[in-house]
Amino acid sequence: MIRHVMRIVWNRKRSTALMMTELLISFLVLCTVLSIGAYYLDNWRQPLGFDYEDVWSLSAFYPVANRNDPVERAALLATSRQVMNSIRSHSEVVVASPTANVPYSGGSNNWGTFLPDGTMARYLWSEVRPEIKEVYGLEVVEGRWLEDGDESLADLPIVITRSMGRMFFGEESPLGKIIPRLDETGAPREAEKYYHVQRVVGVVEIFRKSGELAQEPHAAFVARSLDDPERGRAPGGYVVRVEPGTTAAFEEQLISSLQQIAPEWSFEVEPVATMRSRSLRNSMMPLVIGATVAAFLILMVGMGLVGILWQNVTQRTQELGLRRALGATSGAVQGQILGELLALTTLAVGLGSLLFLQVPLLHFLDFVPGRIFFGGTFAALLLIYPFVLICGLYPSWLAMRVQPAQALQYE
Amino acid sequence: MTSPAAQPIPKNQPRASAIQLDEVNKVYRTDRIETLALSKIDLDVQKGEFISIMGPSGSGKSTLLNLIGLLDRPSSGSILVNGKPAAELSDRSMARMRNEEIGFIFQTFHLIPDLNVVDNVELPLLYRRSSGNERRLMAEAALRRVGLTARMRHFPSQLSGGQRQRVAIARAIVGNPGILLADEPTGNLDSQMGDEIMGILEDLNQAESATIIMVTHDQKLAERTERTVRLFDGRQVS
């Protein structure tokens, strides 16, 4: 019977081309939606690498006349030290550190260099105080964390994430190695005035600044100097771990104490947990809209499929009557219609898989792991068959009801 | 035709009934109209008998053939096919009887245009337990029986009317049914082709004792059968 069904489908390939196209579109839409879903689900399941509960973000805004003026830089750094000390002086504050890369914030500070193959390698560049390890609850998985005095060493100690280590050094341990500084041809760059050699002293598992839904960035932490105007700059942001249960009233208190130290500066405080909620909401919105549009698209395709199948059954009334006359039960007639539909679906799925899997095979979206596409395709495979069976139920029910005596009357 | 009924039955020997109709009525009802298509039909067709049914258009010939072929149910009265009362058969049992005991030949052939000749002939065998190889062998044997082995891979559109009807006959006999129901089998053919088809039917009846009930408008063809049942306005007039 399977061979018969396949033969009918093959011999009717011209008349079933429209149905095949509908099925192909359904499958590709499902593959795309499910792969996007799998991508975000996969991201969600990865650890964040930091703790955001009871962590506040403090942004500092200060006027700058000339960023390169050493006198002004020294003055700004001095004020930053006072701000840092003032933050730490509050009993509600457990620990604090400057950083330009506050989790869930819009902006980020990055460093870039070329890899030997000429591609650009970017990584988050977080100039921090060693205390940030406690603020975030970071775990060092290899080597050591940053220490006081690291900021003054000739080779700048750097702690990197595991993925960054793999990017530069493959499966070798990155400890003790220097982050290569290459130009676009892959040759070492000439010495630069403000550049310090970055020597890896430790590895943390992961640090996903942009949160659960975003892809993992490569990230590095280096010690920031608040004393040396040559090597340090006034930070624009801080992260503060507060005692559990600290209320929003402390925000006002903290800002007013800082305002007394730096009257010309302005400050903003916000719990990182609040920033996370907002960030997730903003990230989810396009996903929800996209999923809704895709659902409507699939619904439309499904309705189109029902229509085509309906028409197909109507056109084949005589043939279905003949099959009944030759001994087919009503169930066998329904099986014939659904069997042909499944055979067509299998052809469409085969073609669709070939097309869709070109995306990872030809490296079109390299930032998405290949397994996401394969997983999405597999999930689409699991869904497309029940989907087409549901679409085929009513037309096949109509086919079951064909009365042979009536059907065979029509010429 | 290699069924148990394959041995020719001498015409003068008493034979068992293949089809028995007793007081069969068929009424078509709509919201407004009630149409009496068949009225009080009594008919006994013996195994191995070749009969014809004649009557003007609308007299109920095809309706009668549909009832005998278990394609429809009567409004009242009883029908026995090979001794089995049709009223007691479930839809599934009726489908099985159509498949195993009855073969249909239609005026317009009703071949599936997207299947080649041998696939068309195999069609009834798809609805019973048989392997692909068995089906193929049986279909080839049926095509050999109607002299069409040279056209097995052709599609219906590549055949003449007479060849198409021979394919339809091969399809009707492929499952070795004891009863063949032919609804104006020569109606769409010229006289020469019609004669050929009639010859095949006669041969099946004589050589293999197939019970054949043929609806026809052609008096000459009817005269070649053992007896003729005449219908007029749904009533049996002879």
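When A:Leu146, A:Leu175, A:Leu182 are checked against the criterion of being closer than 29 Å to A:Val240 by Cβ and not acidic (Asp, Glu), A:Leu146 stands alone in meeting it. Against the test of being of a type in the set (Ser, Thr, Tyr) and in contact with a strand residue (DSSP E or B) (Cβ under 6 Å, 6 or more places away or on another chain), the options A:Thr185, A:Thr161 yield a single qualifying residue, A:Thr161.
Looking only at residues of segment B:63-87 that are over 19 Å from the mean Cα position of the chain (by Cα) and modelled with pLDDT of 90 or more, we find that the one that is nearest to the other protein chains (Cβ to nearest Cβ) is B:Ser75. Residue pairs whose Cβ atoms lie under 8 Å apart, sitting 6 or more positions apart in sequence or on different chains, and linking a residue in segment A:385-411 that is more than 16 Å from A:Gln311 (Cα to Cα) and within 14 Å of another protein chain (Cβ to nearest Cβ) to a partner that is of a type in the set (Ser, Thr, Tyr) and assigned to a loop (DSSP other than H, G, I, E, B), are A:Glu411/B:Thr108.
Candidates B:Val146, B:Val118: the one that is within 17 Å of A:Met6 (Cβ to Cβ) and surrounded by 19 or more Cβ atoms within 10 Å (Cβ to Cβ) is B:Val118. Of the listed requirements (1) out of contact with any strand residue (DSSP E or B) (no Cβ under 8 Å at 6 or more places or on another chain); (2) surrounded by fewer than 23 Cβ atoms within 10 Å (Cβ to Cβ); (3) more than 10 Å from chain A (Cβ to nearest Cβ), B:Gln20 misses just one: (1). Take A:Thr274 and tell me if it is surrounded by fewer than 18 Cβ atoms within 10 Å (Cβ to Cβ), among the polar types (S, T, N, Q) and not assigned by TED's automatic domain parsing to the domain that holds A:Arg401. In short, yes. Among the conditions (1) in contact with a helix residue (DSSP H, G or I) (Cβ under 6 Å, 6 or more places away or on another chain); (2) small (Gly, Ala, Ser); (3) within 14 Å of chain B (Cβ to nearest Cβ), the only one that A:Gly375 does not satisfy is (3).
Conditions (1) crowded, with 18+ Cβ neighbours inside 10 Å; (2) under 14 Å from A:Val239 (Cα atoms); (3) hydroxyl-bearing (Ser, Thr, Tyr), marked per residue:
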| site | (1), (2), (3) |
| --- | --- |
| A:His4 | yes, no, no |
| A:Trp10 | no, no, no |
| A:Met19 | yes, no, no |
| A:Leu23 | yes, no, no |
| A:Asp69 | no, no, no |
| A:Leu76 | yes, no, no |
| A:Val83 | yes, yes, no |
| A:Val94 | yes, yes, no |
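Out of the residues in segment A:246-258 that are over 32 Å from the mean Cα position of the chain (by Cα) and among the small types (Gly, Ala, Ser), state the one that is surrounded by the most Cβ atoms within 10 Å (Cβ to Cβ). In this case the residue turns out to be A:Ser257.
Take the residues of segment A:106-147 that are of a type in the set (Ser, Thr, Tyr) and crowded, with 19+ Cβ neighbours inside 10 Å: which is farthest from A:Pro217 (Cα to Cα)? Restricting to residues being of a type in the set (Ser, Thr, Tyr) and crowded, with 19+ Cβ neighbours inside 10 Å, the top hit is A:Tyr136. Residue under question is A:Val333, and the condition is that it be within 14 Å of chain B (Cβ to nearest Cβ) and either free of Cβ contacts under 8 Å to residues at least 60 places away in the same chain or under 18 Å from A:Ala407 (Cα atoms) (or both); does it hold? The answer is yes for A:Val333.
Between a first residue in segment B:99-119 that is more than 8 Å from chain A (Cβ to nearest Cβ) and on the phi < 0 side of the Ramachandran plot and a second residue that is part of a strand (DSSP E or B) and not aliphatic (A, V, I, L, M), which pairs have beta carbons less than 9 Å apart while being 6 or more apart in sequence or on different chains? Cβ pairs passing all conditions: B:Glu101/B:Lys84; B:Ile105/B:Asp183; B:Gln107/B:Asp183. Report yes if A:Ser89 is buried (at least 18 other Cβ atoms within 10 Å of the Cβ) and either more than 30 Å from A:Gln215 (Cβ to Cβ) or of a type in the set (Val, Ile, Thr) (or both), otherwise no. No.
A quick yes/no check of all residues on (1) surrounded by fewer than 21 Cβ atoms within 10 Å (Cβ to Cβ); (2) within 31 Å of the chain's Cα centre (by Cα):
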| site | (1), (2) |
| --- | --- |
| A:Glu230 | yes, no |
| A:Val239 | no, yes |
| A:Pro244 | yes, yes |
| A:Gln260 | yes, no |
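Figure legend. Inter-residue proximity from segment B:55-75: first residues free of Cβ contacts under 8 Å to residues at least 60 places away in the same chain, second residues in a loop (DSSP other than H, G, I, E, B), beta-carbon distance below 6 Å, spacing 6+ or different chains. Indicated pairs: B:Asn66/B:Asp72; B:Leu67/B:Pro74.
Go through the residues of segment A:272-287 one by one and say whether even a single one is among the basic types (Lys, Arg) and either outside any helix (DSSP H, G or I) or under 30 Å from B:Asp114 (Cβ atoms) (or both). No, segment A:272-287 contains no residue that is among the basic types (Lys, Arg) and either outside any helix (DSSP H, G or I) or under 30 Å from B:Asp114 (Cβ atoms) (or both). Name the residues in segment B:184-195 that are outside any loop (DSSP other than H, G, I, E, B) and either surrounded by 24 or more Cβ atoms within 10 Å (Cβ to Cβ) or not aliphatic (A, V, I, L, M) (or both), would you? Within segment B:184-195, B:Ser191, B:Gln192, B:Gly194, B:Asp195 qualify.
Does segment A:26-40 contain any residue that is within 25 Å of A:Pro103 (Cβ to Cβ) and touching an Asp or Glu at 6+ places or on another chain (Cβ under 9 Å)? Yes: one or more hits. Within segment B:127-169, being free of Cβ contacts under 8 Å to residues at least 12 places away in the same chain and not aliphatic (A, V, I, L, M) holds for B:Arg129, B:Ser130, B:Ser131, B:Gly132, B:Asn133, B:Glu134, B:Arg144, B:Thr149, B:Gln158. The residue of segment B:120-157 that is nearest to B:Glu202 (Cα to Cα), among those that are within 14 Å of chain A (Cβ to nearest Cβ) and out of contact with any helix residue (DSSP H, G or I) (no Cβ under 8 Å at 6 or more places or on another chain), is B:Ser157.
Taken over segment A:317-328, residues that are outside any helix (DSSP H, G or I) and either more than 9 Å from chain B (Cβ to nearest Cβ) or on the phi > 0 side of the Ramachandran plot (or both) amount to 1.
The values are calculated or read from the model by the stated rules, or taken from the named source; none is laboratory data. Quantities reported herein were computed from a predicted structural model and do not represent experimental measurements. Neighbour counts are summed over all protein chains in view; Cβ atoms, including those assigned to glycine, are modelled from backbone coordinates with ideal geometry.
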